[in-house]
Amino acid sequence: MSTFVVPTPKTWVDNEIPSYADLEAELYDPVQFILNPPAVKLRQTTNQTLNNGQWSYLSWDGAELDTHGAFNSAGNKTQVTPQVPGWYLGWCGVAFNTSGSFMAGQRDIEARINDTDSMIMHKNIPPSAFSGSTSVKPAGLSFLAAFNGTTDYLQIRVYQASGGTMTTIANRTDYQPQLYLKWHCRL
Amino acid sequence: MAGAMAISAPWETGGHSGASAGSGTLNISGAPNGQVLIVVVSLSNIGGFPFTVDPGWKRILASYDQDASLNGDKQFAAYWKLKGPDDTQVTISWGGEHHQFVMRGFSYPGLDTTHPIEGVQAGIDTTGNTTVYSPAVSPTLNNRWVVVINSTYSSVVRTWTEEAALVERYDAAGGTEPYPALLYADTNGPVSGSDLSYQATISGGTPNYINQLAFALVPGPVYMTGSQTVEVDQTAKANATLFMHATQVIESVSAGDALQMVNTLPLPDIKTWLNGDDHDADTLNAQWRDPMLWLLKDTCPQLHAEYDGAGYAMTSPQALKFDTVTMQRGDIQFTPTGTKVYITVPGLYEGVFQGAVQLSAAASNADFATEIRVNGSVIASRMDDAITTESGLQTGVQGFGGHFFSVRLNIGDYVEFVMAGNNWGGKVKSSDVSVNSIRYATFFKMWWAAI
């Protein structure tokens with residue numbers, strides 16, 4: 001059970017005078033929550049193999065920001081599990097290599113909850129996006145997703161059909177796969 | 001104006017009468033808090049001193065009030081106050097003279113709590129006729145009630161009979177001679193027109209001078225949720241000025257204009273605190289709880305909707321349909337199976353959007369874009385994707401998601417989620433399918449983000 005609670009402002013009644021405890025619970029706590037909502041930002045710093053014609057779940061190497069312990073670096077590094085229930089606004093990005101033998105085929109990027117057919121966000125990147133291009137192709141998703149604060153986890157997976165084996169481009173900070181989640185509102 | 005708060009029949013204190021050397025005290029503890037309470041007093045003779053009342057009560061001014069030579073100033077008076085929990089009684093004084101008196105209070109639900117009364121007119125009927133007409137009142141809008149008060153005194157018990165357009169609330173008679181004779185009546189509903197005057201007849205033969213007061217009751221504002229059509233009947237006025245509380249926008253219309261107005265849940269209106277400011281429950285809830293709820297996105301507008309249908313043929317540009325609302329908070333208007341999201345709270349809105357399509361056959365050089373359009377033609381945001389052939393795609397289904405947008409919207413604006421492109425060739429259909437454990441669906445989520 002989550003130990004983090006989303007503040008719920010009380011309704012004041014006639015003749016009620018805020019006490020010291022009220023000021024803490026009804027002013028300090030909610031304002032702190034609003035100013036510093038649960039958030040996590042992850043990066044991949046080691047290239048990851050992306051096999052042809054398969055989905056690859058992005059593995060995260062570290063957290064730039066993790067206010068409420070959503071990422072467990074000792075556990076399944078493809079998963080991020082928000083510890084505060086609510087809707088989260090998120091974005092993720094990955095770069096696809098379009099040089100040489102990696103010009104062909106489509107790409108996909110998808111955000112998934114609990115590795116199920118959930119309607120979080122999916123993006124097809126058709127082959128034409130890579131035709132004639134010799135540069136790296138960044139792609140990303142923005143999404144809003146609901147988490148129960150205990151068991152729900154998020155994964156980002158990518159698909160490539162270039163015909164060959166690719167890797168992510170994690171040795172450049174501007175191309176590194178990234179994932180960001182920030183608490184948006186209560187469930 | 002349809003849609004304004006409705007006035008309804010008053011709660012009454014019960015009559016209070018007696019004989020006193022200079023004042024009467026009326027018990028008002030049972031009157032509803034937060035409502036306007038009108039209190040009237042009538043004496044059995046003309047007093048030698050003007051009336052005074054407890055602090056906080058506002059006199060319903062009449063043109064004869066300040067003229068000491070006329071009876072009205074010293075035979076009856078009417079006051080009003082926004083009644084609070086500490087108001088248990090009210091004392092009206094007439095300066096040490098002994099008189100019979102009658103007092104009564106009337107608390108009307110639905111009155112404007114700042115300016116509940118307008119168009120006060122006073123007069124004295126000196127004709128000696130038993131049938132008298134009230135001073136003429138011209139309400140400024142057709143949602144006002146009119147109150148008529150006739151007051152005199154007599155050596156006999158007298159009763160009033162008013163015309164059918166009035167409902168009698170109080171007809172005071174009795175006690176001991178000399179008798180106050182007080183009629184308090186209202187129209188029991190909104191009236192229209194100007195120079196409205198109402199007839200009443202007193203029993204018992206030729207009366208003394210009859211002191212008269214008439215005024216209009218003003219209804220309070222109402223916050224409407226949802227879009228509504230409001231008809232403004234301003235036949236007596238050339239122009240109307242409308243105030244929309246949430247946005248402080250003032251709209252002016254001319255007579256005969258058709259008007260569609262959408263009221264909104266108000267944005268939190270944060271005050272600046274001063275030394276000595278009271279912090280009653282209403283203030284704490286309005287200034288503390290409500291802004292917190294808004295910032296936590298419990299009450300600000302937010303809408304999530306998706307398409308769950310069997311698909312339909314698309315042509316470019318295609319405003320996408322959504323048939324299922326999965327979250328709706330605050331005031332934001334959308335009708336399932338429609339395409340338009342109507343805005344009733346202005347501000348900066350953010351959101352995410354995915355459109356999904358299915359191609360029935362290969363489409364050469366086809367391309368797709370997801371667009372956020374405002375009021376039909378303004379493209380606020382666009383993301384482009386391209387497709388040349390169907391090969392390599394998963395059974396011809398494409399999901400174009402991840403479109404994050406932000407757009408500033410005003411009251412009455414509508415947003416549509418559009419897919420546009422070229423070379424579709426009649427082969428494009430909307431999609432809601434799961435293929436290879438991927439959900440290809442059309443949905444959006446949008447929310448109020450800032451002022």
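Considering the convex hull of the alpha carbon atoms of segment B:97-157, report its projected area averaged over all viewing directions, in nm², one decimal.
Average projection, Cα convex hull of segment B:97-157: 6.7 nm².
Please label the shape of segment B:130-204 as rounded, prolate or oblate, based on the square roots a ≥ b ≥ c of the eigenvalues of the alpha-carbon gyration tensor (a/c under 1.5 means rounded; beyond that, a/b larger than b/c means prolate, else oblate). It is prolate, given that a/c is not under 1.5 and a/b is the larger ratio. The mean number of Cβ atoms from other chains found within 10 Å of a Cβ in peptide B:439-450 is 3, as a whole number. For chain A, adding -39500 (n - 2.57) for each run of n ≥ 4 DSSP H residues and dividing by the number of residues yields -1000 deg cm²/dmol at 222 nm. How charged is the neighbourhood of B:L296? Take every other residue with its Cβ under 14 Å from the Cβ of B:L296, and add Lys/Arg as +1 and Asp/Glu as -1. So the environment of B:L296 carries a net charge of +2.
Set the Cα radius of gyration of segment A:140-187 against 2.2 N^0.38 Å, with N its number of residues, and you get 1.54. Distances between placed amide hydrogens fall under 5 Å for B:G338 paired with B:F322, all partners being 5 or more residues away or on another chain.
Close amide-amide hydrogen proximity is noted between B:E97 and B:G22, each under 5 Å apart and 5 or more residues distant or on a separate chain (H modeled in the peptide plane; Pro and chain starts excluded). Separation of segment A:117-167 and segment A:53-113, taken as the distance between their Cα centroids, equals 8 angstrom.
Prolate is the label for the protein assembly as shown, because the ratio a/c of its alpha-carbon gyration tensor axes (a ≥ b ≥ c) is 1.5 or higher and a/b is greater than b/c. May I ask for the net charge around A:V13, where only other residues with Cβ less than 14 Å from the Cβ of A:V13 are counted and Lys, Arg are +1 while Asp, Glu are -1? Around A:V13, the charge tally is -4. Candidates B:L296, B:Y349, B:Y307 compared by Cα position along the dipole of segment B:278-351: farthest toward the positive end lies B:Y307, with charges placed on Cβ. All other residues whose Cβ lies under 14 angstrom from that of B:T187 are scored, Lys and Arg at +1 and Asp and Glu at -1, for a net of -2.
Our coupling estimate for segment B:81-88, obtained by passing each phi through the Karplus curve with A = 6.51, B = -1.76, C = 1.60 and θ = phi - 60°, is 7, 7, 6, x, x, 8, 8, 10 Hz, Gly and Pro reported as x. Rounded, prolate or oblate: which fits segment B:83-231, taking a ≥ b ≥ c as square roots of the Cα gyration tensor eigenvalues, rounded meaning a/c under 1.5, else prolate when a/b beats b/c? Oblate shape, in that a/c is at least 1.5 and b/c is the bigger or equal ratio. Legend: mean number of C-beta atoms from other chains within 10 angstrom of residue C-beta atoms, peptide A:11-20, equals 4.
What dipole magnitude, in Debye to the nearest 20, does segment B:290-425 give about its Cα centre under +1 on Lys/Arg Cβ and -1 on Asp/Glu Cβ? Before the final figure, lay out the partial values.
Numbers: 7 positive and 14 negative charges, 34 e Å.
Taking the Cα centre of segment B:290-425 as origin, the dipole is about 160 debye.
Per-residue mean of foreign Cβ neighbours for B:285-296 is 5 (Cβ atoms of other chains, 10 Å radius). Qualifying chymotrypsin sites (Phe, Trp or Tyr not before Pro) in segment B:271-349, where qualification requires a DSSP coil assignment and no more than 13 other C-beta atoms within 10 Å, comprise B:W273, B:Y312. For segment A:57-187, the average shadow cast by the Cα convex hull is 8.1 nm², which is a quarter of the hull's surface.
Throughout, read-outs are computed from the coordinates displayed, never taken from laboratory work. Note that this is a predicted model, so its numbers are computed, not measured. When we count neighbours, we look across all protein chains shown, and the Cβ atoms used for this are built from the backbone with ideal geometry, even at glycine.
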